[in-house]
1. Can you give the relative contact order of segment 148-268 as a percent, counting alpha carbon pairs under 8 Å and 6+ residues apart?
2. Once each part is reduced to its C-alpha centroid, what is the distance from segment 110-147 to segment 203-268 in angstrom?
3. Would you mind checking the tilt of helix 75-88 against the longest principal axis of the Cα atoms of the chain, expressed as 0 to 90 degrees and rounded to 10?
4. Can you give the percent of C-alpha pairs in segment 9-144 whose distance is more than 28 Å?
5. Quick one: net charge around Thr178, please, counting Lys, Arg +1 and Asp, Glu -1 for every other residue with C-beta under 15 Å from its C-beta.
6. Just want to confirm a number: the relative contact order over the chain, from Cα pairs under 8 angstrom separated by 6+ residues, in percent.
7. In whole Å, what three semi-axes, largest first, describe the equivalent ellipsoid of the chain built from its Cα gyration tensor (square root of 5 times each eigenvalue)?
8. 5 Å is the cut-off here: which amide hydrogens, built 1.01 Å from N in the peptide plane, fall below it relative to Asp147, excluding neighbours closer than 5 in sequence?
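Nothing in this text is a laboratory measurement; each read-out follows from the coordinates by a stated rule. In this text, all values refer to a predicted model and were calculated from it rather than measured experimentally. All Cβ positions, even for glycine, are placed from backbone atoms using ideal geometry, and neighbour counts span all protein chains on display.
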Amino acid sequence: MATKDQHLALSSGLGLAGIAVSNFWDCGSEAMNTFKEDIIISILKPNKETAIHHYLNFFQNIEEEVDMMWKNTDLDEAYEFIFRTLEEVKLKPDLPEPNFESCEEDCGHFDCECNEIVMQWIAYVSKNLDEIDKLIKHSAFQFIFQDRNFLHNFHIELANLIEREMNYIKANYPEFVTAKNKLRRKTFPVWLKQAVFYRDKGTCAICRCDLSNLVRTQNTIHIDHIVPLELFGTNDASNMQLLCETCNTSKGARSTATSSINVPYWNL
Ligand SMILES: [Zn+2]
Ligand SMILES: [Zn+2]
């Protein structure tokens, strides 16, 4: 593996991303409000731990999930879920495995050895809770970051929160706020420029012109705030898209234009 490669838990991440996106209209603002202190710290300047990561906290808690399964489903299903999740996050507990087939207590396994063994697996999950949740959230982010339309909606909602909290932000982080009570523009770190360029496949998110500059270098690359700072948008790393100079100039300080256009794999 190259030094920058990382193992991801994509199946668990995909499940979490689906839950977080489909519940956005119902409880997006509640979720943001719950984690607003963490979110505010992450959006003052581009941060690898984004507002989306904190938003995902609202939906991801492996300890609770396992507990719910243990209470509400068959023990073998709960064990199967724990086993698969741990395998995906590359944790290998040195624990005995239950043998439900050969167990004589076949109606629920509440009083047999199986239950004792599964309890050890549950304790192992609780002990490694932070590491498991962190990897699943980071994996879910990989999917959500692809969806500029969702990011647009997310950052419009986040802008409402930032507007409400501007006095708090100004009191606690005055160096990040302008005289007009908007967040101060911050420079884009290299890791962010590369991520946005890679996600948007080197093309302008609006007019789709090629910004790869492989042959001619006349097209200047612009990183744009999807929801502008002027509208209480933030410097969050997930609020950025790739634009050409023409689109960036004509977008103006009050437009939140983006597009859901992408290049499907079969069209590469
Ligand atoms: Zn049993
Ligand atoms: Zn353009």
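1. Relative contact order, segment 148-268: 31 percent.
2. The distance from the Cα centre of segment 110-147 to that of segment 203-268 comes to 37 Å.
3. 40
4. Roughly 27 percent, once rounded to a whole number.
5. Overall, the nearby charge balance is +4.
6. Reported relative contact order: 23 percent.
7. 42, 22, 15
8. For Asp147, whose amide H was placed from the backbone, there are no distant partners under 5 Å.
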